[in-house]
1. Out of (1) of a type in the set (Gly, Ala, Ser); (2) assigned to a helix (DSSP H, G or I); (3) farther than 30 Å from Glu22 by Cα, what's the single condition that is false for Ser58?
2. When you scan region 98-121, do you find a residue that is aromatic (Phe, Trp, Tyr) and loosely packed, with under 13 Cβ neighbours inside 10 Å, even just one?
3. Give me the residue from region 1-50 that is modelled with pLDDT of 55 or more and of a type in the set (Phe, Trp, Tyr) and, out of that set, farthest from Glu63 (Cα to Cα).
4. Against the conditions (1) at pLDDT 85 or above; (2) touching a Pro at 6+ places or on another chain (Cβ under 9 Å), where does Lys65 fall short? Just the number, please.
5. For region 88-99, what are the residues that are at pLDDT 80 or above and either out of contact with any Ser or Thr (no Cβ under 8 Å at 6 or more places or on another chain) or in a loop (DSSP other than H, G, I, E, B) (or both)?
6. Can you give me the number of residues within region 108-132 that are small (Gly, Ala, Ser), at pLDDT 85 or above and in a loop (DSSP other than H, G, I, E, B)?
Amino acid sequence: MDDIDEYIAELKAKQEIKDYIEHNIYPERLLSKPSCIAYKPDPLRELNLMDYSNENISDHIRELKTCIETCKHVENSIETIEIQQKESCPICLEVIKSIDYFVPMCGHKICRCCAMSNLFNNKHTGTLCSLCREKIF
């Protein structure tokens, strides 16, 4: 009878570990233990890595590699967008030519047409940066 109880306890522990890893469900039997600074329950401590097949581990490794590749793709996309934003006017979104731009004291790069339009058309805010509203002169 003790063997059956041990087997059932082992199956429950494995299920708790699986639920914790896959669904982020913390084992209820560990929630009732008193907590202190030095004690933090770790259901993975009971995990015997030999119980998992190599196929299951390789699936997780493949998923991690896919996630890493996706993160790299997102980082590259963000860098590309940042480069494009540096080369275009933030107001009209046109590409700024090499000598056809205005940089106020705040450091924002604005195309000449937008800077002149702001200066001449806006009586009260014409002397302010179109983006951050700091003084141009």
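1. That leaves (3) as the condition not met.
2. As a first pass, look at region 98-121 and keep what is aromatic (Phe, Trp, Tyr): 101-102, 120.
Within this subset, residues satisfying the condition of being loosely packed, with under 13 Cβ neighbours inside 10 Å are 120.
Checked region 98-121: at least one residue is aromatic (Phe, Trp, Tyr) and loosely packed, with under 13 Cβ neighbours inside 10 Å.
3. Tyr7
4. Every condition holds for Lys65 apart from (2).
5. Taking region 88-99 first, the residues at pLDDT 80 or above are 88-96.
Once the filter is applied, which keeps residues that are at pLDDT 80 or above and either out of contact with any Ser or Thr (no Cβ under 8 Å at 6 or more places or on another chain) or in a loop (DSSP other than H, G, I, E, B) (or both), region 88-99 yields Ser88, Cys89, Pro90, Ile91, Cys92, Leu93, Glu94, Ile96.
6. 0
The values are calculated or read from the model by the stated rules, or taken from the named source; none is laboratory data. In this text the structure is predicted, and so the values were computed from the model without any measurement. Positions of Cβ are backbone-derived with ideal geometry, glycine not excepted, and every protein chain shown enters the neighbour counts.
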